[in-house]
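*Asks:* There's a structure below that I have some questions on.
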Amino acid sequence: MITLEKHNGITVLRNDLLTGGTKSILMPSIIGDANEFVYASPVYGGFQIALSAYCQSVNKKATIFCAKRKEMHPNTLKCIEYGANVIEVPY
């Protein structure tokens, strides 16, 4: 949900409250009618989280490919929480 707040006459988009940041706003345009979206992502990226959350909210499948690490990155774990199929690729 997009939250706008006024601070000293300035309208602020609270993208810190959006799952995956402002990238999540683009999801309907990017996903379209596809039933599954496959994305190769760096573990640091926010798009993977936005994609996973959006796909969960509209009952679509997200598959994320990312680098395998000794311990899963918090972003990778967040994608799994949102129901994404995460495939870790060894270096």
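*Asks:* What does the extension gain come out to for Glu36 and Asn59, with contour length at 0.36 nm per residue minus their alpha carbon separation?
*Replies:* 7.3 nm
*Asks:* What angle, in degrees between 0 and 90 and rounded to the nearest 10, separates the Cα long axis of helix 47-57 from the longest principal axis of the Cα atoms of the chain?
*Replies:* Approximately 80 degrees, to the nearest ten.
*Asks:* Another one. Using the Cα gyration tensor of the chain, with a ≥ b ≥ c the square roots of its eigenvalues, what is the shape: rounded (a/c below 1.5), prolate (a/b larger than b/c) or oblate (neither)?
*Replies:* Verdict is oblate for the chain.
*Asks:* Kindly report, to the nearest 10 Å², the accessible surface of Lys61 as traced by a 1.4 Å probe over protein heavy atoms only.
*Replies:* Per-residue accessible area (Lys61): approximately 100 Å².
*Asks:* Excluding ligands and nucleic acids, what accessible area in Å² is computed for Thr11 using a 1.4 Å probe, to the nearest 10?
*Replies:* Spelled out: Thr11, probe radius 1.4 Å, area about 80 Å².
*Asks:* Also, quick follow-up: Please calculate the 1.4 Å probe accessible area of Glu71, with all protein chains present, and give it to the nearest 10 Å².
*Replies:* Counting only protein heavy atoms, Glu71 exposes about 140 Å² to solvent.
*Asks:* Something else: Can you tell me which of Ala53, Ala34, Ala67 moves the most in a GNM of the chain? Springs connect C-alpha atoms under 10 Å apart.
*Replies:* Ala34
*Asks:* Would you mind telling me the share, in percent, of accessible area of the chain contributed by carbon and sulfur at probe 1.4 angstrom?
*Replies:* 56 percent
The values are calculated or read from the model by the stated rules, or taken from the named source; none is laboratory data. This one's a predicted model, so the numbers in the text were calculated from it and none came from an experiment. Ligands, DNA and RNA are stripped out before the accessible areas are found, and what is left, the full protein with its side chains, is counted by its heavy atoms. Shrake-Rupley method; radii C 1.70, N 1.55, O 1.52, S 1.80 Å.
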